[in-house]
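Structure, as structure tokens:
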Amino acid sequence: MTTTAVPLDLPTADWLDPADLAHNPYPSYERLRREAPVVWAPLVKKVLVSSFEGCSFGERHPEVFSSNVAGGTMAKALGGRPLIRKDDPEHAAERAPMNRTLRPKQIMDIWADKFEINARRYLEEMIFNGRGAADLNTAYAAPVAAKNLCDMLGMPDVEPMDLARWSIDFIAGTGNVLDKQEIWDRCERSRAECDAALDETVARLRRRPDPSITSMLLEAGMAEEQVRNNVKLTISGGMNEPQHMITNMVWLLERSPEQKAEVLANPELWKQVFTEATRLFSPIGMITRQSAADINLHGVVIPAGTQIGMILASANRDPGQFTQPDVFDIHRPSGTNLAFGAGVHQCAGKWAAQKAIGEIAVPLLYRELPGLRLDQSRPETWDGWVFRGLTSLPVVW
Ligand code: HEM
């Protein structure tokens, strides 16, 4: 079976419903883990792996869980194949230059001050424009995440909400399994705008290199087309998730007054709040791989050439790994959760996100607005499962 035929000899989950998944995927994940943690899902034409053990094994065995996925939508959406769709050593050569500016020390030395400036700027705007009430998602989370990414990419003059729109379009294209032309048209428009901005950025960075991700990729001598593919990947992967983590953290703290009081009294705990929030509401629900050989997992043989969806959001609620997995508990023993993946493809922006969101943007929000609370009179909305988060979180202060 390559990516087209149905693997009839696998257990099948024909009951998965896109509306249920978008509304609240966790009951479906629970059923998958309980009934068959390795299962053929006609809905997405993939074998789904939903256990912690299975996802963890897949992440750590790229020689059989290959990232070189055939005929994927991502390359079409971005206009080329970025590093996340490659295996080592090809992947490692493109990843190493990014790491040079995204390790914890560089985050402290180069980026932390910028993250602070950006968070302050959009918080002041929200307070000024909102006069006591706002949608935290659009007024704060989105512009903070977008501006941080503009800076890290060496594109400080790009309008942050343009970058946010490109990100939304690239993500829609990457998920465009139904091949909707309207979505490809949006991707094409956003690619053209992004490429025009990159014309200026690349010319400037060749003259005057700086510590940005784009500059690091250029300095490594990578072909310009590949630099552009990886910048577009970073735009699609580095915006949505930090944005969602701002609102996820606030949503969770507002429902856990005791833990909220604890972290406000002891700011050392912010890292734990961030990590536990990424576990419970993992912004990237599923990642894709392709089997490079027959794989026996949980007693089921996945034939070579099969597209596999590893459901990280389900793995992170596996009771075999986490006690009371649906409970928000910032005092869990420190250990691995898979919100950022693991192994060679583990998120390149993990330290940036932890610092920018977990240690700067959300703590600042509570410091400056001690009266912040959810607005009970206006509904919040959640959406998505492959990428999931709050699309609206009304707050008052
Ligand atoms: C809370 C925020 C974030 C979450 C939860 C997250 C999650 C992830 C996940 C699950 C992966 C895939 C790992 C895998 O395939 O094994 C990934 C990859 C990646 N992320 Fe993030 N991410 C976040 C923020 C960021 C940011 C801020 C950036 C950029 C500055 C970024 C850049 C990347 C890149 C470049 C990759 C590809 C890595 C590779 O293939 O080697 N991410 N991320």
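The values are calculated or read from the model by the stated rules, or taken from the named source; none is laboratory data. These figures come from a predicted structure and were not determined experimentally. Don't worry about glycine lacking a Cβ; one is built from the backbone with ideal geometry, like all the others, and counts go over all protein chains shown. We work out accessible area using only protein heavy atoms, side chains counted, and drop any ligands, DNA or RNA first. Shrake-Rupley method; radii C 1.70, N 1.55, O 1.52, S 1.80 Å.
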Give all pairs with beta carbons closer than 6 Å in which a residue from region 116-136 that is of a type in the set (Asp, Glu) meets a residue that is surrounded by fewer than 16 Cβ atoms within 10 Å (Cβ to Cβ); count only pairs at least 6 apart in sequence or on separate chains. ASP135/SER392
ALA93, sole failed condition from (1) assigned to a helix (DSSP H, G or I); (2) away from the ligand (no atom under 12 Å from the Cβ); (3) open to solvent by 50 Å² or more (accessible area, probe 1.4 Å); (4) within 28 Å of ARG208 (Cβ to Cβ): (2)
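Matching residues to (1) touching an Asp or Glu at 6+ places or on another chain (Cβ under 9 Å); (2) of a type outside the set (Ser, Thr, Tyr); (3) away from the ligand (no atom under 12 Å from the Cβ):
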{"residue": "PRO18", "(1), (2), (3)": "no, yes, yes"}
{"residue": "LYS45", "(1), (2), (3)": "no, yes, yes"}
{"residue": "GLU63", "(1), (2), (3)": "yes, yes, yes"}
{"residue": "ALA70", "(1), (2), (3)": "no, yes, yes"}
{"residue": "MET74", "(1), (2), (3)": "no, yes, no"}
{"residue": "LYS105", "(1), (2), (3)": "no, yes, yes"}
Pairs, first in a helix (DSSP H, G or I) in region 342-370, second surrounded by 18 or more Cβ atoms within 10 Å (Cβ to Cβ) and charged (D, E, K, R), C-beta under 6 Å, six or more apart: GLY343/GLU59
Number of the exception - LYS147 against (1) within 14 Å of the ligand (Cβ to nearest atom); (2) surrounded by fewer than 21 Cβ atoms within 10 Å (Cβ to Cβ); (3) free of Cβ contacts under 8 Å to residues at least 40 places away in the same chain: (2)
Against the definition (at pLDDT 95 or above, open to solvent by 10 Å² or more (accessible area, probe 1.4 Å) and out of contact with any Cys (no Cβ under 9 Å at 6 or more places or on another chain)), how does PHE52 come out, yes or no? yes
Evaluation of VAL344 against (1) surrounded by fewer than 18 Cβ atoms within 10 Å (Cβ to Cβ); (2) touching a Gly at 6+ places or on another chain (Cβ under 6 Å); (3) hydrophobic (A, V, I, L, M, F, W, C) (one fails), failing number: (2)
Criterion (within 21 Å of the chain's Cα centre (by Cα) and at pLDDT 95 or above) met by exactly one of ALA197, ALA172, ALA142, ALA192: ALA142
Flag if ILE287 is crowded, with 23+ Cβ neighbours inside 10 Å, more than 24 Å from LEU369 (Cα to Cα) and within 13 Å of the ligand (Cβ to nearest atom): no
Collect the residues in region 268-304 that are of a type in the set (Gly, Ala, Ser) and either closer than 24 Å to GLU35 by Cα or within 17 Å of the chain's Cα centre (by Cα) (or both), keeping them in residue-number order. ALA277, SER282, GLY285, SER291, GLY299, ALA304
Take the conditions within 19 Å of the chain's Cα centre (by Cα) and over 30 Å from ALA223 (Cβ atoms) and apply them to TYR122. Does it pass? no
